[in-house]
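The values are calculated or read from the model by the stated rules, or taken from the named source; none is laboratory data. Just so it is clear, the structure is predicted and the values come from calculations on it, not from any experiment. Don't worry about glycine lacking a Cβ; one is built from the backbone with ideal geometry, like all the others, and counts go over all protein chains shown.
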Amino acid sequence: MAATVYKEPAPLLDRENPLESMMSRFNVAAEILGLDEETYNVLKTPDKQVIVHIPVTMDNGKVRVFEGYRVIHNTILGPSKGGIRYDKNVYLDEVKALAAWMTWKCAVVDIPYGGAKGGIICDPTTMSAGEIERMTRAYTLALKDVFGPDRDIPAPDMGTGPREMAWLMDEFSKTVGMTSSAVVTGKPLVMGGSLGRTEATGRGVMVATLAALEKLGMEPTEVSAAVQGFGNVGSWASKLLFDKGLKIKAISDISGAYWNDNGINIDEAIAYKNAHGGRLEGFAGAVPMDADELLVSDVDVLVPAAVEDVITEHNAPYIKAKLIVEGANGPTAASADPIIYEKGISVVPDILANSGGVTVSYFEWVQNKQGFKWTEQMVTERADRIMTDAFEKVYAVSQKYNISLRIAAYVVAIDKVAQTYKFRGGY
Ligand code: GLU
C-alpha cells in the first residue's frame with residue numbers, strides 16, 4: 001500500500017495566528033526603536049524553513065509518512081537554538097512564530113544564540129516508544145545538515161523530553177562519526193545533561209514572578225495564583241511558587257482544572273500526577289472547576305503554562321489577576337494586549353518569563369564544550385542572576401518609554417539583534 005502523509009485536521013478556525021501575533025508586537029517595538037527598513041526586513045523574515053517528510057515503519061508494519069519542520073529564524077547572535085515540538089496541531093506559521101520568539105528570548109537574556117524551532121505533526125500519546133524513536137532518528141537524519149553544535153542546537157519542547165534528545169544526539173553522532181554532545185540540550189543527566197535543566201523554565205517563571213511582585217509591592221506570602229498546565233513548566237512553576245509561600249488556588253492539565261480556595265498542596269498534586277499516569281484526574285486535594293474558568297478566576301497571579309492563544313479578546317475583559325506571567329510561548333493573542341493594558345494588568349511576557357529554560361540549555365552546551373560539569377548551585381545561581389538582570393533591564397525600558405513589559409522585552413531584544421546586524425553587515 002502506498003504510504004500517505006500523516007496530517008491531523010487543520011487547527012481550530014478561531015485560533016489567532018501566532019505569527020501574526022508575534023509580528024504585531026514586533027512592529028510596535030520596531031516603531032519605538034525607529035528601526036530602518038533594511039534591518040526590519042532582515043529581522044522579520046526567517047533565514048531558512050525546512051520541510052521534511054519522514055517515512056516511519058509503524059508497529060503494525062505499515063509505513064506512515066510524517067511531516068516535520070525546522071525553521072531557523074536567524075543566526076545574527078550565534079548558532080540557532082530552539083526546541084522540537086511533537087503535537088498533532090503543529091503547523092508551519094506556528095513554528096515560524098516560535099522560532100522568532102527564540103531569537104527574541106535569547107537576545108533578552110543576552111545569551112549568544114539565534115532562534116529556531118522544529119516540529120513534527122504527530123500525536124505522541126498514541127505512538128509506542130519504538131515508533132517515536134524511529135521517527136526521531138529519521139527526523140534527525142533528514143536534518144543532519146541543518147543541526148550541528150555550532151550551527152543549530154535543538155532542545156525539548158511540547159511532547160518531547162530527555163529521551164528524544166538522547167536519540168537525536170545518538171543519531172547525529174553517528175552521521176558525524178563521533179560523539180557530539182553539544183548538538184542538543186535537555187539530554188538525560190547521565191549523558192551530558194545539565195543539573196537544573198528539568199526545572200529551569202519553571203524556576204525562571206518563579207524568579208520572574210517574584211521580581212514582578214516586588215515592583216507591584218505585593219508580598220509573595222499574601223498572594224494567590226492559578227497555573228494553567230501541569231506539564232514540565234506548569235508543575236515546576238507551581239511547585240517553586242508554592243515553596244515561596246504563594247497560595248496556588250487553581251491548577252489544570254489535559255484532564256481538567258482543579259480549585260481549592262485554601263490553596264492546593266502542590267507536592268501532593270505532583271505526587272498524585274506521577275502515580276496516576278501523569279494526569280491530575282481524581283486528585284482529592286481540590287475540586288474540579290471549568291477549565292476556561294481558571295483563566296478568569298479570582299486570583300492575584302495568573303500563570304498560563306500550556307499552549308498558545310488561551311488569553312484572547314474574548315476572555316481578557318474578565319481576567320481578575322493583577323499579574324500574568326507567561327510560562328508558555330505565546331499564550332496571549334495580540335488582540336488581548338490592549339484590553340489587558342487598559343485594565344492595568346502587568347504581564348511578564350513569554351520571551352522573558354520562560355527564558356530560564358534556554359538559559360540553562362546554554363549552560364548545558366557550555367558544559368559539553370568545556371567537558372566540565374557544573375554543580376547545581378553554579379547552574380541555579382547563574383540562571384537566577386541572568387533572569388533577574390533581564391527582568392530589571394526590561395522593566396527599566398518599560399519605564400523609560402512608558403510601555404508594557406511585553407513591548408519593552410521586544411525593544412530590548414530587537415535592539416540587540418539589530419545592533420549586532422549592523423556590525424556584522426550584509427552583502
Ligand atoms: N523549548 C524551550 C523554549 O521554548 C527551550 C528551548 C531551548 O532550550 O533551546 O524556550
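Summary of values
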{"quantity": "Filter result for residue 94 (acidic (Asp, Glu) and without any contact (Cβ under 8 Å) to a residue 12 or more places away in the chain)", "calculated": "no"}
{"quantity": "Long-range neighbours under 9 Å by Cβ, at least six apart or interchain, first residue under 16 Å from residue 110 (Cα atoms) and free of Cβ contacts under 8 Å to residues at least 40 places away in the same chain within segment 371-389, second in a helix (DSSP H, G or I) and of a type outside the set (Lys, Arg)", "calculated": "382/359; 382/360; 382/363"}
{"quantity": "From the options 106, 122, residue that is more than 15 Å from the ligand (Cβ to nearest atom) and either crowded, with 24+ Cβ neighbours inside 10 Å or acidic (Asp, Glu) (or both)", "calculated": "122"}
{"quantity": "Long-range neighbours under 9 Å by Cβ, at least six apart or interchain, first residue under 10 Å from residue 383 (Cα atoms) and of a type in the set (Asp, Glu) within segment 344-370, second within 8 Å of the ligand (Cβ to nearest atom) and modelled with pLDDT of 95 or more", "calculated": "none"}
{"quantity": "Residue 272 surrounded by 14 or more Cβ atoms within 10 Å (Cβ to Cβ), under 24 Å from residue 345 (Cα atoms) and not aliphatic (A, V, I, L, M)", "calculated": "no"}
{"quantity": "Count of residues meeting criterion [assigned to a helix (DSSP H, G or I) and either of a type in the set (A, V, I, L, M) or without any contact (Cβ under 8 Å) to a residue 24 or more places away in the chain (or both)] in segment 102-115", "calculated": "3"}
{"quantity": "Single residue of segment 175-206 satisfying the filter (among the hydrophobic types (A, V, I, L, M, F, W, C) and either at pLDDT below 95 or surrounded by fewer than 24 Cβ atoms within 10 Å (Cβ to Cβ) (or both)) that is nearest to the ligand (Cβ to nearest atom)", "calculated": "182"}
{"quantity": "Every residue from segment 57-73 that is more than 15 Å from the ligand (Cβ to nearest atom), on the phi < 0 side of the Ramachandran plot and either in contact with an Asp or Glu (Cβ under 9 Å, 6 or more places away or on another chain) or in a loop (DSSP other than H, G, I, E, B) (or both)", "calculated": "57, 58, 59, 60, 62, 64"}
{"quantity": "Residues located in segment 128-165, provided they are within 16 Å of the ligand (Cβ to nearest atom), assigned to a helix (DSSP H, G or I) and of a type in the set (A, V, I, L, M, F, W, C)", "calculated": "165"}
{"quantity": "Cβ-Cβ under 7 Å pairs, at least 6 apart or on other chains, segment 116-145 side of a type in the set (Asp, Glu), far side in a helix (DSSP H, G or I)", "calculated": "133/167"}
{"quantity": "One residue from 364, 342 being more than 19 Å from residue 218 (Cα to Cα) and more than 16 Å from the ligand (Cβ to nearest atom)", "calculated": "342"}
{"quantity": "Residues being under 23 Å from the mean Cα position of the chain (by Cα) and modelled with pLDDT of 95 or more - total across segment 279-299", "calculated": "5"}
{"quantity": "Residues (touching a Leu at 6+ places or on another chain (Cβ under 9 Å) and among the small types (Gly, Ala, Ser)) located in segment 205-237", "calculated": "208, 212, 224, 225, 226"}
{"quantity": "Which listed residue, of 253, 292, is within 21 Å of residue 203 (Cα to Cα) and either surrounded by fewer than 18 Cβ atoms within 10 Å (Cβ to Cβ) or in contact with a Leu (Cβ under 7 Å, 6 or more places away or on another chain) (or both)", "calculated": "253"}
{"quantity": "Candidate set from segment 318-330 (those that are free of Cβ contacts under 8 Å to residues at least 60 places away in the same chain and part of a loop (DSSP other than H, G, I, E, B)); member that is nearest to residue 229 (Cα to Cα)", "calculated": "326"}
{"quantity": "Residue check, residue 38 away from the ligand (no atom under 15 Å from the Cβ) and within 24 Å of residue 409 (Cα to Cα)", "calculated": "yes"}
{"quantity": "Lone qualifier among 408, 413, 390 - being within 16 Å of the ligand (Cβ to nearest atom), buried (at least 24 other Cβ atoms within 10 Å of the Cβ) and closer than 19 Å to residue 214 by Cα", "calculated": "390"}
{"quantity": "Checklist (1) over 25 Å from residue 412 (Cβ atoms); (2) within 16 Å of the ligand (Cβ to nearest atom); (3) acidic (Asp, Glu) applied to residue 94, failing item", "calculated": "(1)"}
